[in-house]
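Enquirer: Have a look at the structure that comes next, please.
What follows is calculated from the coordinates using simple rules that are stated; it is not laboratory data. Predicted model only: the values in this text are computed from it and were never measured. All Cβ positions, glycine included, derive from the backbone under ideal geometry; neighbour counts span all protein chains shown.
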């Protein structure tokens, strides 16, 4: 049985606080594994995980693959460019053929929102959402929250500002749901053209003025401007975006003394954030990458249904 309330991780909207707390607590345990000389435990021995990535990825894909291998799972990585999808095979047929090979868990990334949920309708495997369209990216938000928790020892009561393309960002959506569930105060900031219709329904403070948004913030999570999705001229130029919404040293004066700078990557240096801030002493960007493995190990373990005694050793 899963130790979470669901046997899948499809998103953080509606995910109970106790589930998020369980993932963060378990991530602490696996974080210790990553500090060992031999970074491997037999936790998921006998479990087969398929990484079904229909969209390009570097950090998320490698992070999941390493997490699986460090848990001693058997892993298979699906490559779109060399698959039967190129011959016209449907998503459903692809998964059902893979599942016929007796697999246990599927990590899926897809350009279309809702695909992870769709897969649960005809699959017995545990489904983990590694990013679906502009919908959610739950493990990225979980690793963001874990990184914040490791620094401050809490999430409750912190003011977190999420900056960027709120309309298209699945990372922002998952962060909103997760952070609010854990008691953080969340603010959104971006150009009015990149704020979704009825953005106030998220229940967050919303700003189009960056300096106002940053005032009194503990954490600033800067999102990548998704240049590959900007075909509609939603802002005049990168130069103007940088001038109005780019994070540089001058803007840090608005933050609390013990502030934190985050970015899920990849970074467009000089566009949404300057290099001196990204590489500065208050930046935890590389910590996010490291923590991503511990969080994904925790999610895989908790969904696997493995017994407690089969955990870390």
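Enquirer: Gain in length, residue 38 to residue 58, computed as 0.36 nm per residue apart minus the alpha-carbon separation, to one decimal in nm?
Expert: My answer for the length gained is 4.8 nm.
Enquirer: Debye calculation, C-alpha points only, no solvent: report log10 I(q)/I(0) for the chain at q = 0.13, 0.14 Å⁻¹, in the same order as the q values.
Expert: Results for the chain at q = 0.13, 0.14 Å⁻¹ read -0.93, -1.07.
Enquirer: Roughly how many nanometres apart are two label points built 7 Å out from the Cα toward the Cβ at residue 258 and residue 77?
Expert: Using points 7 Å along Cα→Cβ, the separation is 3.9 nm.
Enquirer: Right, here's the next one. So if R0 is 45 Å, what FRET efficiency would residue 45 and residue 113 give, r being the distance between their Cβ atoms, rounded to the nearest 0.05?
Expert: 0.85
Enquirer: Which value in nm describes the separation of the simple spin-label points at residue 17 and residue 238, placed 7 Å from the Cα toward the beta carbon?
Expert: 4.3
Enquirer: Moving on to the next point. Quickly work out the residue 102-to-residue 3 label distance, labels modelled 7 Å from Cα along the C-beta direction, and quote it in nm with one decimal.
Expert: A separation of 2.7 nm, rounded to one decimal place.
Enquirer: Go ahead and set up a Gaussian network model of the chain, Cα springs under 10 Å, then flag whichever of 218, 93, 104 fluctuates most.
Expert: It is 93.
Enquirer: What FRET efficiency do you get for residue 212 and residue 286 if R0 is 45 Å and r is their Cβ-Cβ distance, rounded to the nearest 0.05?
Expert: Computed FRET efficiency for residue 212 and residue 286 comes out at 0.95.
Enquirer: Given 0.36 nm per residue, what is the gain on full extension from residue 69 to residue 121 after removing their alpha carbon distance, in nm?
Expert: Using 0.36 nm per residue and subtracting the Cα-Cα distance, I get 16.0 nm.
Enquirer: Related question: Neighbour counts of other C-beta atoms within 10 Å: give me 33, 161, 271, 186 arranged from fewest to most.
Expert: The most exposed by this proxy come first: 271, 33, 186, 161.
Enquirer: A further question on this structure: Evaluate E = 1/(1 + (r/R0)^6) for residue 154 and residue 201, where r is the Cβ-Cβ distance and R0 equals 35 Å; express this FRET efficiency to the nearest 0.05.
Expert: Working: r = 27 Å, r/R0 = 0.76.
It comes out at approximately 0.85.
Enquirer: Oh, and also: Run through the DSSP bridge list for the chain and note the antiparallel percent, rounded to the nearest 5.
Expert: So the antiparallel bridges in the chain amount to around 5 percent.
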